[in-house]
1. So how many residues does region 66-78 have that are touching a helix residue (DSSP H, G or I) at 6+ places or on another chain (Cβ under 7 Å), assigned to a helix (DSSP H, G or I) and more than 10 Å from Ser27 (Cβ to Cβ)?
2. With Glu60, Glu20, Glu4, Glu36 as the choices, which residue is at positive phi and charged (D, E, K, R)?
3. Just give me the residues in region 1-39 being over 23 Å from the mean Cα position of the chain (by Cα), polar (S, T, N, Q) and more than 20 Å from Leu62 (Cβ to Cβ), in sequence order.
4. Give region 305-348 a look and list any residue that's touching a residue at least 24 places away in the same chain (Cβ under 8 Å) and either acidic (Asp, Glu) or in contact with a Cys (Cβ under 8 Å, 6 or more places away or on another chain) (or both), or say none.
5. Does region 96-107 contain any residue that is over 16 Å from the mean Cα position of the chain (by Cα), at pLDDT 95 or above and under 23 Å from Cys252 (Cα atoms)?
6. Among the residues of region 1-42, what is the count of those that are in a loop (DSSP other than H, G, I, E, B), under 30 Å from Ile196 (Cα atoms) and among the hydrophobic types (A, V, I, L, M, F, W, C)?
7. For Ile115, only one of the following conditions fails: (1) under 13 Å from Leu75 (Cβ atoms); (2) more than 19 Å from the chain's Cα centre (by Cα); (3) in a helix (DSSP H, G or I). What is its number?
8. Scan region 1-50 residue by residue and report those that are under 16 Å from Lys88 (Cβ atoms), of a type in the set (Gly, Ala, Ser) and touching an Asp or Glu at 6+ places or on another chain (Cβ under 6 Å).
Amino acid sequence: MSIETYLQAMPKVDLGIQLEGAAPKHSLLMFAEQNEIPVNKPFNEIVKQLDHPNYDKLPELLNTISQWIHHPDDLSRLVYDVGVALSKQNVRYAEMGVSPLLYMGHTGMSFEHFIEALNVGRDKALRGWKIRLQFVINVPREEPRRSDDVVRWATSVAGRRNGVVGLGLNGREEAQPAGQFERPFRAADKKNCPRIVHAGDKLGAEGMLDALKHLMPTRIIGGWGTADAPDVINALVDQNIPLDLCVPRALCYNRVSTYADYPVRDLYDQDVKLTLTSHMPALYKTTLNDQYLALYEHNKLSVEEIEEIALNGIRYSLLSDDEKTIMTASFKEDYAKLRAEHLPEHTV
């Protein structure tokens, strides 16, 4: 037994995983075959990109593979397959970003049919693998004119009945300034709909400040540039806004050369509340387990500090307070048992 086996076995939460970037390759190829997607040179190029993505063109890749989804059953199976992959890493709860605009146009599905299809998949994953999934409905930065529609869906009765817990903003950060989305995000806030914002990927601290100023984020995914921006750090700490980190994303975009170069330790020591996400694991070639192990091996966090980050996933989730209390107690009990089994020197 070792720290690696302990981190693999410990229960986890993933608050930033994105359905479109988590889809297993074998699932996508199955949908392509079933839906008679032509196997030609462009198709073969896309298949190659699934193994070796061009990270500057991910939106185009995601748009293409979403076209392979034709039916509600495809979406249900996709959610289920992602849930199974998470469960095998001992993820017990996840808030999954989904982008309805990628699917609804070419399939002809209404939002009600779309979200019901997702719900079938999450129910099957819960029954079969004991993982609970909920959904954050994303509006892409490239389509600000559709933001009112997405806010309406994210706050609808049908959405909430089928596991929708928040509104997200994703896509290319430089496509539109955050201010373009201020009005719809304020409308979501008035309806008590949490807001999950991808920020910092391209614009760094400037993008972070823009998001903080205009979007009233509940959580931020990414946050590159934060460690070098005291004003951003102060805002995050003062407003108790967590950063959901995916270090492999920074590696893929050449922000850092190694895990050790990512300033996780600095952020943690400055009291920025951190969580970890696998985000787009199929495209970033990572797992949540890989990232937890990297915290120990490369970022010099202790077992106790890693457990604290894992528990932040519960604290900053969109579960009810009662659910958070129950899950936190369960995780802590499991940590104690797993320490005795895997890390007796750390047992307290």
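1. 4
2. On the way: Glu60 fails: at positive phi; Glu20 fails: at positive phi; Glu4 fails: at positive phi.
Exactly one of Glu60, Glu20, Glu4, Glu36 is at positive phi and charged (D, E, K, R), namely Glu36.
3. Passing the criteria: Ser2, Thr5.
4. Listed by number, the residues that qualify are Glu305, Glu307, Asp334, Glu341.
5. No: region 96-107 contains no residue that is over 16 Å from the mean Cα position of the chain (by Cα), at pLDDT 95 or above and under 23 Å from Cys252 (Cα atoms).
6. From region 1-42, those in a loop (DSSP other than H, G, I, E, B) are 1-2, 10-11, 15-17, 23-24, 35-40; that's our starting set.
Filter again for under 30 Å from Ile196 (Cα atoms), leaving 10-11, 15-17, 23-24.
If we keep only those that are among the hydrophobic types (A, V, I, L, M, F, W, C) too, we end up with 10, 15, 17, 23.
Residues that pass the stated criteria total 4.
7. Condition (2) is where Ile115 drops out.
8. Ser27
The values are calculated or read from the model by the stated rules, or taken from the named source; none is laboratory data. Computed from a predicted structure; not experimentally measured. As a convention, Cβ positions derive from the backbone with ideal geometry for all residues, glycine included, and neighbour counts pool all protein chains shown.
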